[in-house]
Amino acid sequence: MQLYHVINKGVDGRDIFLDTQDYARFVHDLYEFNDVAPALEFTRANSRTLHVGRTTSYIRKQLVEIHGWVLVKNHYHLLLSERIEGGLTLFLRKLSGYARYFNERHERQGTLFQGRTKKILIERHEHFLYILHYLHLNPLDYLPGAKKWRERDKGSIRDIPEVLEYLKKYRWSSYLDYCNIPNFPSILTKKFFEHSLGADYLSIIEEYLAERAVEEIDPKSLEY
């Protein structure tokens with residue numbers, strides 16, 4: 001299996017999610033577009049029932065497996081693997097339909113996303129070990145006191161309980177589902193990372209944060 005880190009952001013850094021409805025629409029698209037069948041259309045005001053126009057016996061045939069995801073104001077990250085040949089390309093092509101929805105709803109024109117969607121193959125084991133945590137920590141960009149979480153220096157994350165509580169309240173990622181708090185389980189495949197990292201994700205990410213929170217000791221501070 002090949003795992004891809006997929007990224008796109010708003011043109012010129014603009015926000016691509018302006019409110020809860022935009023976030024919810026994109027999450028819904030992650031489900032609806034992950035099918036070999038043509039996507040159902042939705043009304044502008046609200047989403048219709050998922051299986052309108054299909055028989056109750058309809059069985060979805062997924063294009064990709066979604067192993068992790070996060071949405072923040074001006075970009076998104078996905079961890080994807082193909083279910084069928086060419087599935088990744090087709091899924092991302094369909095997912096670009098979000099831009100049509102956004103432009104119609106917010107009465108704007110022009111390009112929403114900044115260039116083509118980036119697809120980064122996860123090849124190194126070290127990359128694999130932290131990539132899911134990286135996605136889930138993205139919302140810390142909006143938590144005062146934790147905005148330096150990307151920095152390699154230890155001590156960039158100080159208040160772990162505050163961070164965990166903040167992430168627990170953030171709905172727009174796969175974090176809650178990995179912590180066994182049902183959020184959007186229908187779009188997510190957890191078994192790959194659970195097999196590799198372990199099933200107790202809350203303890204795993206807490207340990208990861210603890211490693212980032214410990215400041216390196218300056219030898220001079222030990223001198224009298």
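Out of the residues in segment 69-101 that are free of Cβ contacts under 8 Å to residues at least 12 places away in the same chain and assigned to a loop (DSSP other than H, G, I, E, B), state the one that is farthest from TYR23 (Cα to Cα).
GLU85
Does at least one position in segment 127-143 carry a residue that is surrounded by fewer than 14 Cβ atoms within 10 Å (Cβ to Cβ) and of a type in the set (Ser, Thr, Tyr)?
yes
Can you report the number of residues in segment 102-160 which are in a helix (DSSP H, G or I), more than 17 Å from the chain's Cα centre (by Cα) and closer than 22 Å to TRP172 by Cβ?
Adding up the residues that qualify gives 5.
Looking at segment 139-152, is at least one residue in contact (Cβ under 8 Å) with a residue 60 or more places away in the chain, within 27 Å of ASP12 (Cα to Cα), hydrophobic (A, V, I, L, M, F, W, C) and touching a Ser or Thr at 6+ places or on another chain (Cβ under 7 Å)? Lay out the reasoning, then the answer.
Quick first cut of segment 139-152, residues in contact (Cβ under 8 Å) with a residue 60 or more places away in the chain only: 139, 141-142, 149.
Within this subset, residues satisfying the condition of being within 27 Å of ASP12 (Cα to Cα) are 139, 141-142, 149.
Checking which are hydrophobic (A, V, I, L, M, F, W, C) leaves us with 149.
Filter once more, so that each one left must be touching a Ser or Thr at 6+ places or on another chain (Cβ under 7 Å): 149.
Yes, segment 139-152 contains at least one residue that is in contact (Cβ under 8 Å) with a residue 60 or more places away in the chain, within 27 Å of ASP12 (Cα to Cα), hydrophobic (A, V, I, L, M, F, W, C) and touching a Ser or Thr at 6+ places or on another chain (Cβ under 7 Å).
May I ask you to list the residues in segment 91-111 that are out of contact with any Ser or Thr (no Cβ under 9 Å at 6 or more places or on another chain), surrounded by 17 or more Cβ atoms within 10 Å (Cβ to Cβ) and either modelled with pLDDT under 95 or hydrophobic (A, V, I, L, M, F, W, C) (or both)?
PHE91, PHE102
The values are calculated or read from the model by the stated rules, or taken from the named source; none is laboratory data. Keep in mind it's a predicted model, so treat the numbers as computed, not measured. Note: ideal-geometry Cβ built from the backbone for every residue, glycine included; neighbour counts use all protein chains shown.
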